[in-house]
């Protein structure tokens with residue numbers, strides 16, 4: 001076996017075993033033939049050639065898609081559904097915050113919350129068309145809007161480093177979003193409005209001083225809703241909610257000084273509730 005073929009076989013190890021058994025030989029043969037056919041010295045390529053960046057990226061992307069597909073083992077289908085729900089949940093959360101930090105802060109009267117337009121505030125509004133595109137099944141368009149919105153948050157670093165965690169997690173989920181499935185658009189739009197109202201109300205009542213921390217309470221409250229979902233859906237919902245919670249709670253060290261005692265109590269109660277839901281979901285899964 002030539003070194004070039006060996007390197008391609010090492011690259012294909014990232015693919016799921018069942019797919020590799022069926023297609024590895026054909027893939028490696030195609031890669032080797034393509035590399036040597038476009039080289040002035042095929043023998044040199046066979047000894048010293050390596051997979052280029054484009055080939056490596058395509059194989060890695062294929063590995064991700066296969067592990068999120070419903071065509072393989074059940075765990076892959078569950079992972080794909082969790083990623084789909086993470087993308088939708090994260091985008092809904094960001095779109096809700098865009099309604100507050102964007103539209104309200106740019107349009108309300110100056111004595112209240114109006115602020116001068118900044119690149120960050122304007123770019124945050126792009127989460128709204130990102131959500132619309134995702135609900136319409138236009139994943140690539142949603143990814144472009146989400147990427148631009150996330151870039152806007154980077155412009156305000158280091159003050160908003162905590163928000164980057166959830167935005168990057170959401171962006172990654174959109175990029176890996178499995179093939180389009182039926183999405184209940186009205187329910188997700190309603191969830192966006194409710195999230196915005198609750199987050200704004202929590203901030204307005206003075207429980208917390210920052211919208212991002214209000215979002216922690218809002219997303220954490222979503223764990224409670226897991227008890228209302230059908231047993232078959234709880235497993236993937238719990239996985240998605242857990243990732244969102246980890247990402248959002250990563251903002252707390254940067255914002256701890258803004259929390260009053262009641263906020264810590266609410267977060268603690270929600271954390272306990274989330275743990276209880278996780279245990280209940282685990283037991284339900286074992287029972288079935």
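The values are calculated or read from the model by the stated rules, or taken from the named source; none is laboratory data. Keep in mind that what you see is a predicted model, and the values were worked out from it rather than measured. A quick note on method: Cβ atoms are made from the backbone with ideal geometry, for glycine too, and the neighbour counts reach across all protein chains shown.
Worth pointing out:
- Any hit, the stretch 49-65, residues being within 13 Å of residue 5 (Cβ to Cβ), surrounded by 15 or more Cβ atoms within 10 Å (Cβ to Cβ) and either more than 21 Å from the chain's Cα centre (by Cα) or in contact (Cβ under 8 Å) with a residue 24 or more places away in the chain (or both): yes
- Filter result for residue 13 (assigned to a helix (DSSP H, G or I), surrounded by 14 or more Cβ atoms within 10 Å (Cβ to Cβ) and on the phi < 0 side of the Ramachandran plot): no
- Among the residues here, residue 79 does not qualify as within 30 Å of residue 194 (Cα to Cα), assigned by TED's automatic domain parsing to the domain that holds residue 169, at pLDDT 85 or above and buried (at least 17 other Cβ atoms within 10 Å of the Cβ).
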